[in-house]
1. Out of (1) of a type in the set (S, T, N, Q); (2) touching a strand residue (DSSP E or B) at 6+ places or on another chain (Cβ under 8 Å); (3) at pLDDT 80 or above, what's the single condition that is false for residue 65?
2. Name the pairs whose Cβ atoms lie under 8 Å apart, with the first residue in region 71-97 and of a type in the set (Asp, Glu), the second in a helix (DSSP H, G or I) and surrounded by 13 or more Cβ atoms within 10 Å (Cβ to Cβ), and 6 or more positions between them or separate chains?
3. Any residue at all in region 106-113 that's in a helix (DSSP H, G or I), within 38 Å of the chain's Cα centre (by Cα), closer than 30 Å to residue 80 by Cβ and not hydrophobic (A, V, I, L, M, F, W, C)?
4. For the condition closer than 25 Å to residue 105 by Cα and among the β-branched types (Val, Ile, Thr), what is the one hit in 155, 130?
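The values are calculated or read from the model by the stated rules, or taken from the named source; none is laboratory data. Note that the coordinates shown come from a computational prediction; the quantities given were computed from them, not determined experimentally. Cβ placement follows ideal geometry from the backbone for every residue including glycine, while neighbour counts extend to all protein chains displayed.
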Amino acid sequence: MTEPRKTANAGAAPVIPLFEFPQFDLPKFDLPKFDLPKFDLPKFELPKFELPAELRAIAEQGIAQVKAAYERAKAAAEQATGVLEHSYAAASEGAAEYNRQVVDAARANANAGFDYAIALLAVKSPTDVVEVSTAHARERFQALAEQAKVLGALVQKLAAETAEPIQTGVTKAFQNAA
């Protein structure tokens, strides 16, 4: 029996050849060297082409018009971007103001709830409970109506302040570009 062959991976199982591979001595074979034929491509010269002066003037005028239109469009886009940035800033400030109003309303509603609980602790009879509850409900409905009115007016104001610069500024910017 033959010895197991050593493998590169020491942890792998040993490989036992099933048969011996025959050894062949092949004669050395050199490829013949081929020389490629040398040839030169003929040189082509393009004819010189001169534009007529009138055609050249029209082309230069067209290029100047395109450059001017590009500058106007670029200025309009920059102006529109400035308007949108201003509008975004106004919307951001408005959203912060709206959030402050909502927090103030929530604080007032929470304080009213605590005041109602304290008032309920002080009642002596069931009729007092009904009176306190009715008064509290009336006050809360009035307060909620007022809060809704204030928040609604604020939203309308913010929408107008945000949309107005866009309506005027973008329209103006693109009219200037035309």
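1. Unmet condition: (2).
2. Hits for this filter: 97/154; 97/158.
3. No: zero hits.
4. Numbers: 130 fails: closer than 25 Å to residue 105 by Cα.
After applying the criteria, what remains is 155.
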